[in-house]
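K.L.:
Here's a structure for you.
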Amino acid sequence: MSSAPALEGISILDLASVGPGARASRILADYGADVVKIGPVPAREGVQIVPPVYAYSGHRLMRRALFDLKSESGRNAFMALASEADVIIESFRPGVVDRLGIGYEAVSAVNPAIIYCSTSGFGQSGPKSAWAGHDLNYLALSGYLHCSGRQADGSPALPGATVADIAAGGMQAAMATMAALVARQKSDEGCHLDVSIADGAFAMMSLYIDEHLATGSEPGPGHNILTGRYACYGVYACADGLFLSVAAIEARFWHNLCSALDLDRFTGSQMDDSRQQEIHDALVYVFATRSRDDWSDLLGPADCCVAPVLTVGEAVEDAHYAHRGVVVEAEHADEGTIRQTGTVWAGTGSVSGPYEVRDATVTDTRQLLQDVGYVESSIDALVEQGVVA
């Protein structure tokens, strides 16, 4: 990896407070981009909600500026920053940024090279584009939820993480932004990226969707090896009440597992539908004889595709993750030393020593406006008017 971060020198204005847009800017900042979080000025008659210090890794390595985008002078101040930015990320409902006067057309008029990334639940167009939604809704629409395991009442189980926000939205937005930056090197032209989380969730289901389109089959729970049809791919309880994941898909891994468990009689029956209940029952019986960690220590190194089901608390202390350096320290003025997820993405760098996590009330608005030509008296006036903070 080169010594300079991949996105060093790239300036990003992030209007997304939470969700996929914020996840995208977190990724881009980890690759070295200069991210400025843009938020509204605190309401004079109310108290602005301060997010927990751990949210989105405390927005480490990011700056912050507050504008009243509904006022002309506040909007003009934001547009001054936008005129010199490389990327803008926003996650308002479709049409909102245009009504505010800061949409792609308005920004590109003063900055033709801008890469304008709009993240939304269902995209900027289409029958559902105006719908409100959250992670579960996008997974439901794409077929993901239908293919998930079932609860006791037959309803799909809730996902253990915000998969759509993270992968279908945040990672899609970051990937599209980086691709657009590469394209701009050739053309010097900006673009408007329409990042639909629902579209991203659809793409995550492409293995099953393409199967359906080609064969007419209807994937769902128990449809194939990945959704519970075969005993070689599942989760089993151990003697201590903890769980072990088994994913012995390939024949050689299944052979290794059967050999290690003294279940060689099932080696040739891995995909025999008529024997799946028998195989499942045998695995349930055997795994119940030892603890999760005993099985993990035995089967993990034996090429069986087995791993323990860890809690979040166990995962952050796992020896493998410790070796990989995925948990780092950060310093907060009030909270002191805290731990958080590090720069885990391939090709990202890390700092020597703890990261700085600043108090959410600290802003960089004054310096940012000075950098684009505002004089002190003009900034003072904007602050006094309450349109920047």
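K.L.:
Give region 7-40 a look and list any residue that's touching a Gly at 6+ places or on another chain (Cβ under 6 Å) and either touching a residue at least 40 places away in the same chain (Cβ under 8 Å) or within 22 Å of Tyr104 (Cβ to Cβ) (or both), or say none.
P.N.:
Passing the criteria: Leu7, Pro20, Arg23, Ala24.
K.L.:
For region 95-115, check the following and say yes or no: at least one residue is touching a Pro at 6+ places or on another chain (Cβ under 9 Å) and of a type outside the set (Asp, Glu).
P.N.:
no
K.L.:
Whether any residue in region 356-363 is assigned by TED's automatic domain parsing to the domain that holds Arg23, modelled with pLDDT of 90 or more and of a type outside the set (Lys, Arg) is what I want to check.
P.N.:
Checked region 356-363: at least one residue is assigned by TED's automatic domain parsing to the domain that holds Arg23, modelled with pLDDT of 90 or more and of a type outside the set (Lys, Arg).
K.L.:
In addition: Could you please let me know if Ser296 is surrounded by 14 or more Cβ atoms within 10 Å (Cβ to Cβ) and touching a strand residue (DSSP E or B) at 6+ places or on another chain (Cβ under 7 Å)?
P.N.:
Judged against the criteria, Ser296 is a match.
K.L.:
Then there's this: Give just the number: which of (1) part of a loop (DSSP other than H, G, I, E, B); (2) not assigned by TED's automatic domain parsing to the domain that holds Tyr56 does Ala282 not satisfy?
P.N.:
(1)
K.L.:
Oh, and also: Return the pairs, sorted by first residue and then second, in which the second residue is assigned to a helix (DSSP H, G or I) and surrounded by fewer than 19 Cβ atoms within 10 Å (Cβ to Cβ), the first residue lies in region 76-90 and is in the same structural domain as Ala29 (by TED's automatic domain parsing) and modelled with pLDDT of 95 or more, the beta carbons are less than 6 Å apart, and the residues are 6+ apart or on different chains.
P.N.:
Qualifying pairs under 6 Å: Ser83/Val110.
K.L.:
Looking at (1) loosely packed, with under 13 Cβ neighbours inside 10 Å; (2) within 30 Å of Asn224 (Cβ to Cβ); (3) without any contact (Cβ under 8 Å) to a residue 40 or more places away in the chain, find the lone condition where Asp273 falls short.
P.N.:
Here Asp273 meets the rest and fails (3).
K.L.:
Next up: What tally of residues in region 351-370 results from selecting those that are touching an Asp or Glu at 6+ places or on another chain (Cβ under 9 Å) and within 27 Å of Val53 (Cβ to Cβ)?
P.N.:
Summing the residues that are touching an Asp or Glu at 6+ places or on another chain (Cβ under 9 Å) and within 27 Å of Val53 (Cβ to Cβ) in region 351-370 gives 7.
K.L.:
Considering each of Ala381, Ala360, Ala389 in turn, give the residue that is among the small types (Gly, Ala, Ser) and over 19 Å from His59 (Cβ atoms).
P.N.:
Working: Ala360 fails: over 19 Å from His59 (Cβ atoms); Ala389 fails: over 19 Å from His59 (Cβ atoms).
Checking each option against the conditions leaves just Ala381.
K.L.:
Among residues belonging to region 1-42 that are among the acidic types (Asp, Glu) and within 14 Å of Ser57 (Cβ to Cβ), point out the one that is nearest to the chain's Cα centre (by Cα).
P.N.:
Of everything passing the filter in region 1-42, Asp30 is nearest to the chain's Cα centre (by Cα).
K.L.:
Between a residue in region 152-175 that is in the same structural domain as Ala22 (by TED's automatic domain parsing) and over 12 Å from Met204 (Cα atoms) and any residue that is in a helix (DSSP H, G or I) and basic (Lys, Arg), which pairs come within a Cβ distance under 6 Å, given they are 6 or more apart or on different chains?
P.N.:
Matching pairs, first to second residue: Gly170/Arg23.
K.L.:
Of all strands (runs of 3 or more DSSP E) completely enclosed by region 300-383, which ones contain at least 2 residues that are under 23 Å from the mean Cα position of the chain (by Cα), at negative phi and surrounded by 12 or more Cβ atoms within 10 Å (Cβ to Cβ)? Don't jump to the end; show me each part of the working.
P.N.:
Working: elements: 306-308, 327-332, 336-341, 355-357.
By residue number, 327-332, 336-341, 355-357.
K.L.:
Look at region 82-110 and say how many of its residues are out of contact with any Phe, Trp or Tyr (no Cβ under 8 Å at 6 or more places or on another chain) and over 19 Å from Gly21 (Cα atoms).
P.N.:
8
The values are calculated or read from the model by the stated rules, or taken from the named source; none is laboratory data. Small disclaimer: the values here were computed from a predicted structure and weren't measured. A quick note on method: Cβ atoms are made from the backbone with ideal geometry, for glycine too, and the neighbour counts reach across all protein chains shown.
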